[in-house]
Amino acid sequence: MLDSLSQTAGQAVLTHLGYDPKDFEICVMGCDDARIADLNADFRDKPTPTNVLSWPSEERGAEVEGGNPIPVSADPTGMPFELGDIAIAFDTCEREANAADKPFDAHCLHLLVHGMLHLLGYDHICDPDAALMEGLEVEILEHLGQPNPYILNEG
């Protein structure tokens, strides 16, 4: 399941942003809450579980709030360019999906899209950056036939 969702998310994100997915490589690790809590403690000094973490291979953040990140260039040697790593916690994702009354796969797909956008330099630290990133998530997921993840189910 993780491989299929990761492939779908990666192809959708890269294609949406005008990149050729075959030019890039992303490492995705599925884990439990204990493992992601350790990673969160090691890298963010937050010893608690979270749903997804990402580690870009390079800093690509925008120079101005709400601006687009620095574009990524494919490796001129023809080797896939390594964008970075993502860890996703299935325990947390399952709890969140159940609490929001959303399908588990759809929630994981959203979080993988979210993590991949982080690898490409998108962020949500300030409101303009969050609006840009969330807008892209909604567009990409809509293209994949998924509903807007930021609208709560009313059923």
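The values are calculated or read from the model by the stated rules, or taken from the named source; none is laboratory data. Just so it is clear, the structure is predicted and the values come from calculations on it, not from any experiment. A quick note on method: Cβ atoms are made from the backbone with ideal geometry, for glycine too, and the neighbour counts reach across all protein chains shown. Please note that ligands, DNA and RNA were not included when accessible areas were found on the heavy atoms of the full protein model with its side chains. Shrake-Rupley method; radii C 1.70, N 1.55, O 1.52, S 1.80 Å.
Okay, here's what the table says:
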{"quantity": "Members of the stretch 52-61 that are open to solvent by 30 Å² or more (accessible area, probe 1.4 Å) and hydrophobic (A, V, I, L, M, F, W, C)", "calculated": "Trp55"}
{"quantity": "Only listed residue being modelled with pLDDT of 95 or more, open to solvent by less than 10 Å² (accessible area, probe 1.4 Å) and charged (D, E, K, R), chosen from Glu137, Glu96", "calculated": "Glu137"}
{"quantity": "Residues of the stretch 53-105 classified as assigned to a helix (DSSP H, G or I), touching a Phe, Trp or Tyr at 6+ places or on another chain (Cβ under 8 Å) and small (Gly, Ala, Ser), total", "calculated": "1"}
{"quantity": "Filter result (part of a loop (DSSP other than H, G, I, E, B) and loosely packed, with under 15 Cβ neighbours inside 10 Å) within the stretch 113-134", "calculated": "Ile125, Cys126"}
{"quantity": "Residue among Ala106, Ala74, Ala100, Ala131 that alone is farther than 16 Å from Val13 by Cα and either without any contact (Cβ under 8 Å) to a residue 60 or more places away in the chain or in contact with an Asp or Glu (Cβ under 7 Å, 6 or more places away or on another chain) (or both)", "calculated": "Ala100"}
{"quantity": "The one condition in (1) within 26 Å of Gly145 (Cβ to Cβ); (2) touching a strand residue (DSSP E or B) at 6+ places or on another chain (Cβ under 9 Å); (3) surrounded by 14 or more Cβ atoms within 10 Å (Cβ to Cβ); (4) not hydroxyl-bearing (Ser, Thr, Tyr) that Gln7 fails to fulfil", "calculated": "(2)"}
{"quantity": "Residues within the stretch 17-51 that are open to solvent by 80 Å² or more (accessible area, probe 1.4 Å), in contact (Cβ under 8 Å) with a residue 40 or more places away in the chain and not acidic (Asp, Glu), tallied", "calculated": "2"}
{"quantity": "The stretch 74-93, subset over 15 Å from Asp20 (Cα atoms) and hydrophobic (A, V, I, L, M, F, W, C), residue surrounded by the most Cβ atoms within 10 Å (Cβ to Cβ)", "calculated": "Ala89"}
{"quantity": "Within the stretch 62-73, tally of residues that are among the polar types (S, T, N, Q) and open to solvent by 100 Å² or more (accessible area, probe 1.4 Å)", "calculated": "1"}
{"quantity": "Leu2 vs. criteria open to solvent by less than 40 Å² (accessible area, probe 1.4 Å), modelled with pLDDT under 95 and under 12 Å from Ile86 (Cβ atoms)", "calculated": "yes"}
